Amino acid sequence: MRLGIIGLAQAGKTTVFEALTGNLAEGAHKGESRIGTIRVPDERIDILSRLYTPRKTIYATVAYFLPGVPGGAREGGGREQSPWQQTRDCDALIHVVRNFSGYGFEAPRPAADAAALDQELILADLVVVEKRLERLELDQKRGKKADPEEAALLKACHAQLEKELPLRESPALAAAPQLRGFAFLSAKPLLVLFNNEDDDDAFPASVGPLQRANGMVMRAKLEHELVQMSAAEAAEFLAEFDIAESAMDRVIKKSYDLLGLISFFTVGEDEVRAWTVRRATAALDAAEVIHSDIKKGFIRAEVLAYQDLMAAGSHAAARKQGTVRLEGKTYEMRDGDIVNFRFNL
């Protein structure tokens, strides 16, 4: 999973990136893009690893991408060169919105800033759609047959964008396989992250229900200090500022919910590993996440729910209790499934 961090100038994007990844780079050049990959915390993996004592334990990972500012481009503006154009290959976007004051800053306008950047994403996609439609029309005049389904979908996108509505508000359109190659920015799931003052952990009063549902609050400056501390210092710091869990943990959970992701596990003496798929992924497609050969030779999936394993105490005991099941290709994977794929090539 790769998440792009975007936002208007001086919203605190670099502070958020470093707080989430622990990737600190004092004096990093503003024009440089940065990426930080972190392990997804999962207590289930810790417990499974203690149970199976494997040679390797592999957690799921998430990558945060902070786009640099291209030479001569204006941060937070200019659709052709804006930094967020670099996030088209990301699975989702995190929009950092300033909700703090300070010397030299205007009063924060979180609702207006959130709406302003969304409009930039919409306009950037509109440029892409119009260029493609022009190309299809030109090809048609030259006698080249266009894909009528692609043209119809692009026209539907154009109508949506002209209404100043992001494509993500039309889920079926945003997820259309024929449009995947365009990597529309406004179609990507969006997490709005309100960057608050140190002593403020509430949503801004001006934001609406939709932004609350798809948003969260982060005191980025505090969290940035947290990642530079030892474990003991961090625990004391969390208690002092009444922070139940770190921003990293909260953003990962929210990101998984936003993208509809779940984790399933493979276990054994060699390794215990977490794999990430979308909710309701068929067992056949989940097998391909591990290796394409497993999908080709798929026979059955031997499935044990994590909670059933915990209740039984061991795989052998769970088998005796009848909670280990054999499932076919169309079985929809569930969060916490422990799976052994049977296959033959």
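Kindly evaluate Arg132 against the criterion of being of a type in the set (D, E, K, R), in the same structural domain as Glu197 (by TED's automatic domain parsing), modelled with pLDDT of 90 or more and under 27 Å from Arg250 (Cβ atoms). Taking the combined requirement at face value, the residue does not satisfy it.
Within the range 42-67, restricting attention to residues that are surrounded by 15 or more Cβ atoms within 10 Å (Cβ to Cβ) and polar (S, T, N, Q), the residue that is farthest from Leu304 (Cα to Cα) is Thr57.
Within the range 191-221, if we keep just the residues that are in a helix (DSSP H, G or I) and either touching a residue at least 12 places away in the same chain (Cβ under 8 Å) or not basic (Lys, Arg) (or both), the residue that is surrounded by the most Cβ atoms within 10 Å (Cβ to Cβ) turns out to be Ala220.
When the range 222-250 is filtered for residues that are touching a helix residue (DSSP H, G or I) at 6+ places or on another chain (Cβ under 6 Å) and surrounded by 18 or more Cβ atoms within 10 Å (Cβ to Cβ), the ones remaining, listed by number, are Glu223, His224, Leu226, Ala247, Met248. Out of curiosity, is Leu173 in the same structural domain as His95 (by TED's automatic domain parsing) and farther than 18 Å from Ala11 by Cα? Against the criterion (in the same structural domain as His95 (by TED's automatic domain parsing) and farther than 18 Å from Ala11 by Cα), Leu173 qualifies. When the range 88-108 is filtered for residues that are touching a residue at least 12 places away in the same chain (Cβ under 8 Å) and in a loop (DSSP other than H, G, I, E, B), the ones remaining, listed by number, are Arg88, Asp89, Cys90, Asp91, Phe100, Ser101, Phe105, Pro108.
So, Leu154, is that one under 26 Å from Ser255 (Cβ atoms) and either assigned by TED's automatic domain parsing to the domain that holds Ala9 or not hydrophobic (A, V, I, L, M, F, W, C) (or both) or not? Judged against the criteria, Leu154 is not a match.
Within the range 316-345, the set of residues being buried (at least 18 other Cβ atoms within 10 Å of the Cβ) and either more than 32 Å from the chain's Cα centre (by Cα) or in a loop (DSSP other than H, G, I, E, B) (or both) comprises Ala318, Val324, Tyr331, Met333, Gly336. Confirm whether Arg2 is surrounded by 14 or more Cβ atoms within 10 Å (Cβ to Cβ) and more than 24 Å from Leu190 (Cβ to Cβ). Against the criterion (surrounded by 14 or more Cβ atoms within 10 Å (Cβ to Cβ) and more than 24 Å from Leu190 (Cβ to Cβ)), Arg2 does not qualify.
The values are calculated or read from the model by the stated rules, or taken from the named source; none is laboratory data. Note that the coordinates shown come from a computational prediction; the quantities given were computed from them, not determined experimentally. With ideal geometry, Cβ positions are generated from the backbone for all residues, glycine too; neighbour counts draw on all protein chains shown.
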